[in-house]
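Novice: Let me give you the structure first, and then I'll get to my questions.
The values are calculated or read from the model by the stated rules, or taken from the named source; none is laboratory data. These numbers come from a predicted model, not from an experiment. Every residue, glycine among them, receives a Cβ derived from its backbone with ideal geometry; neighbour counts consider all protein chains shown.
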């Protein structure tokens with residue numbers, strides 16, 4: 001059997017549905033093997049977009065997303081998605097080509113050491129040096145990408161190895177169960193929670209799993225302990241619940257921080273110091289229970305008093321079964337936090353000025369998107385507003401990245417989400433800066449005949465950095481740019497192009513797009529001029545009164 005055929009069969013045996021990417025000359029044997037495979041090749045317009053799509057596929061399905069590039073510049077374009085998947089704990093395999101390694105006809109043309117380049121940002125990286133090694137290399141890559149903590153892996157398949165012939169058999173993918181927490185840790189956690197005065201649940205990205213969400217719902221329903229979320233923990237529990245005390249979108253001085261200050265015990269579920277530093281830990285007598293698939297990273301800002309290491313869903317279930325809700329718990333303050341947060345949010349969201357304020361925009365998108373609709377975000381200041389103000393009702397319905405926090409991922413993520421969830425409305429919200437970094441993937445979405453909405457929040461500047469610039473009391477400088485006519489730009493790709501001309505027209509325009517097939521690109525001017533005042537001053541003053 002040709003080695004490239006064996007490679008594809010090994011991918012099929014792992015259950016691969018899609019490969020996202022751009023083949024090159026060095027991948028042509030593999031491309032020919034894919035031609036008759038059950039695996040669908042999604043040809044993209046840039047390798048970075050392909051990597052973001054593969055990572056998002058992994059994030060949504062829990063299976064390994066796969067992307068493909070050629071050698072040299074194609075492979076270097078996967079560096080950012082590799083870091084995106086690695087920091088975000090998204091299982092992803094990158095396959096790159098290479099010149100023949102047994103003979104050389106072109107010297108060092110386009111040749112760099114991709115394997116070593118990938119080493120610091122992957123869990124596993126290797127070059128296939130023999131066709132006979134393919135089954136074991138592929139199996140090992142998938143195993144490591146999927147195991148906790150999930151992440152990125154890389155295989156380089158040189159051109160001459162892909163053309164070899166081999167007779168080795170495939171390996172059968174093995175199945176394994178995650179280990180469960182030791183019973184003494186569970187017992188200690190139950191005791192700490194029962195002995196606390198004001199326990200609080202903090203939900204992070206690692207809890208964003210279906211069974212974990214179910215167990216957490218049962219735990220909260222039994223104990224009535226309120227919860228807060230990190231940005232990537234949104235939607236694990238329904239955030240319309242009155243026990244929701246807020247999201248840690250801001251680093252300090254928000255209503256949610258008053259809840260964290262009041263807690264004497266934080267049950268920290270699925271949180272990772274990569275996502276956001278656990279600012280809640282100070283020398284103030286507060287205790288923290290770390291519940292995750294792996295032990296806590298040693299960090300100056302994170303030193304939990306108890307670690308419950310093992311399958312999170314099982315740990316929560318065991319604690320829920322053994323715990324007795326306490327009459328002495330003082331939880332009323334958390335409801336005061338929730339009510340104050342809701343009151344301020346409602347006031348800000350009713351502003352009709354145009355260009356639209358981000359608070360009003362987030363409210364209107366929440367109104368038109370169904371409960372299970374998926375919104376993917378790029379990176380920008382609007383991400384803070386979505387994390388803080390957009391109630392997510394189900395896991396993985398608001399996809400944002402607060403690990404690498406890369407620009408350019410929002411549109412590719414939406415394409416992958418629509419492929420995974422074809423019957424669910426999908427919307428990408430991007431700043432104009434992030435959108436233009438991978439805007440060419442609009443053609444990919446059109447070619448795939450996807451039903452997709454892309455909203456560009458246009459402020460003609462790098463708004464997040466402008467906000468920070470203002471916060472540091474610097475003069476505005478170096479962050480403004482021009483934009484194309486986004487309506488004409490969308491139409492040039494065969495998409496529908498629209499422009500919001502008044503705040504009141506946003507909802508009917510989005511509703512119309514949701515009901516009309518095709519790719520819709522909406523240019524929506526946004527007013528960020530109040531960001532510094534609202535985020536850095538108003539919210540701090542209001543929350544300080546609690």
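Novice: Could you look through the range 169-194, keep only residues that are out of contact with any strand residue (DSSP E or B) (no Cβ under 8 Å at 6 or more places or on another chain) and not in a loop (DSSP other than H, G, I, E, B), and pick out the one that is nearest to residue 58 (Cα to Cα)?
Specialist: Looking at the filtered set, the residue picked out is 183.
Novice: Sticking with this structure for a sec: Of the conditions (1) touching a helix residue (DSSP H, G or I) at 6+ places or on another chain (Cβ under 8 Å); (2) surrounded by fewer than 24 Cβ atoms within 10 Å (Cβ to Cβ); (3) modelled with pLDDT of 95 or more, residue 31 clears all except one; give me its number.
Specialist: (1)
Novice: Within the range 226-235, how many residues turn out to be in contact (Cβ under 8 Å) with a residue 60 or more places away in the chain and either part of a helix (DSSP H, G or I) or surrounded by 24 or more Cβ atoms within 10 Å (Cβ to Cβ) (or both)?
Specialist: Step one: of the range 226-235, the residues in contact (Cβ under 8 Å) with a residue 60 or more places away in the chain are 226, 230-232, 234-235.
Next, only the ones that are either part of a helix (DSSP H, G or I) or surrounded by 24 or more Cβ atoms within 10 Å (Cβ to Cβ) (or both) stay: 226, 230-232, 234.
The qualifying residues number 5.
Novice: Determine which single condition residue 314 fails, assuming it passes every other condition in (1) assigned by TED's automatic domain parsing to the domain that holds residue 236; (2) closer than 19 Å to residue 241 by Cα.
Specialist: Failed condition: (2).
Novice: Sort through 60, 41 and tell me the only one that's part of a strand (DSSP E or B), in the same structural domain as residue 21 (by TED's automatic domain parsing) and at negative phi.
Specialist: Details: 60 fails: part of a strand (DSSP E or B).
The conditions single out 41.
Novice: Which one of these is over 20 Å from residue 400 (Cβ atoms) and free of Cβ contacts under 8 Å to residues at least 12 places away in the same chain: 472, 530? Spell out how you get there, then give the answer.
Specialist: Numbers: 530 fails: free of Cβ contacts under 8 Å to residues at least 12 places away in the same chain.
The unique qualifying residue is 472.
Novice: Further, regarding this structure: As an exercise: evaluate residue 496 against (1) in contact with a strand residue (DSSP E or B) (Cβ under 6 Å, 6 or more places away or on another chain); (2) at pLDDT 95 or above; (3) within 24 Å of residue 384 (Cα to Cα); (4) surrounded by fewer than 21 Cβ atoms within 10 Å (Cβ to Cβ) and give the number of the one condition it does not meet.
Specialist: It fails just one condition, (3).
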